[in-house]
Amino acid sequence: MVQRREPTARQMRLGIELRRLREAAGLTAVEAAALLGANRVQMSHIESGLVGVSEERVRRLASHYACTDREFVDALVAMATDRTRGWWEEYRGRLPTSFLDLSELNHHASFRRDVAVLYVPGLLQTEDYARAVFSGRVPELTDEERDLRVRHRMAGQELTVPYELVIHEAALRIRVSDRATSRAQLTKLRELSEADHVTVRVIPFDLDGFATAASTMTYVGGPVAKLDTVVRDVPHGSAFIDSAAQLSAFRTRFRKVEAVSLDPVRSRDFIHRLAKEL
């Protein structure tokens, strides 16, 4: 088996899920490897995403681990056998891996939910807004690095699955650039909110008791709930969260934030009014 130099987040997730199944079955890596006619090192490489694994091996492991969730096993097989080379591959080696991993995650998403407090999410940004955001990065990017990030962001906006955004008024009012950029961004956001698969809700400043401001997140649905992923910004990129307990907590956070937001119609009117003020 050819060892990967840098497995993607999706490849690592497959390995993580196979390891979780093994641990739930109470088997050691050595015992699991013996069931495949492999050794401990090979099993370690499979569970870390460093090498691929065939459909036959995924199903055999699932059987040995007494996993009866057929839909989940089928989803793992799809991950193992996927040979997609998406549009994001042209940026490999030119952008941080986290950019590409998020693009791949969006490509395979069954739905996406965002909570935004300071910025309009990249999925909905105008080109000028994105350029202004990347221009404010510290340490400062070169013009080439900034433009590459902008092109990547614009290329990744073709999301057709159900999308829900809860956005705070602060993110709508903060001017990352000038009035014209802000007005164009608000106009785009309002127009996109009219799409059948997009729901935008606003949290106004005058809401009392908004104690969940730290709930900024991107929640991406997998083919089954066990394969959902939460993405959060960290100083050097993005952190991918996938433990069952954390996913449950973030689902609850989203519903709490959603519950205190304006409904979609009032939110659209709110955004329209802000744009007219500029």
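The values are calculated or read from the model by the stated rules, or taken from the named source; none is laboratory data. The structure presented is a predicted model; accordingly, all values stated were derived computationally and were not measured. Glycine also receives a Cβ, built like all others from the backbone with ideal geometry; neighbour counts cover every protein chain displayed.
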Filtering region 79-95 down to residues that are touching a residue at least 40 places away in the same chain (Cβ under 8 Å) and over 20 Å from residue 48 (Cβ atoms), which residue is nearest to the chain's Cα centre (by Cα)?
88
Out of region 146-168, which residues are among the charged types (D, E, K, R), surrounded by 14 or more Cβ atoms within 10 Å (Cβ to Cβ) and under 23 Å from residue 87 (Cα atoms)?
146, 149, 151, 153
Options 272, 197, 168; residue that is more than 30 Å from residue 75 (Cα to Cα) and without any contact (Cβ under 8 Å) to a residue 60 or more places away in the chain
168
Can you give me the number of residues within region 213-233 that are β-branched (Val, Ile, Thr), surrounded by fewer than 18 Cβ atoms within 10 Å (Cβ to Cβ) and either under 15 Å from residue 118 (Cβ atoms) or outside the structural domain of residue 99 (by TED's automatic domain parsing) (or both)?
0
Restricting the first residue to region 4-32 and requiring it to be modelled with pLDDT of 95 or more, which pairs with a second residue that is outside any loop (DSSP other than H, G, I, E, B) and of a type in the set (Val, Ile, Thr) meet a Cβ separation below 7 Å and a spacing of at least six or different chains?
15/46; 18/46
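If you go through region 225-278, how many residues are small (Gly, Ala, Ser) and either assigned to a loop (DSSP other than H, G, I, E, B) or closer than 19 Å to residue 122 by Cβ (or both)?
Count: 5.
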Has region 66-76 got any residue that is at pLDDT below 95, under 20 Å from the mean Cα position of the chain (by Cα) and more than 22 Å from residue 237 (Cβ to Cβ)?
no
What pairs come out if I take residues in region 243-266 that are assigned by TED's automatic domain parsing to the domain that holds residue 220 and pair them with residues that are hydrophobic (A, V, I, L, M, F, W, C) and part of a helix (DSSP H, G or I) whose C-beta lies under 7 Å away, six or more apart or interchain?
262/270
Looking only at region 105-118, and only at residues there that are surrounded by fewer than 19 Cβ atoms within 10 Å (Cβ to Cβ) and of a type outside the set (A, V, I, L, M), the one that is farthest from residue 259 (Cα to Cα):
107
All positions within region 13-43 that are within 22 Å of residue 97 (Cα to Cα) and surrounded by fewer than 19 Cβ atoms within 10 Å (Cβ to Cβ):
16
Quick check, is residue 34 farther than 27 Å from residue 238 by Cβ and either in a helix (DSSP H, G or I) or touching a Leu at 6+ places or on another chain (Cβ under 8 Å) (or both)?
yes
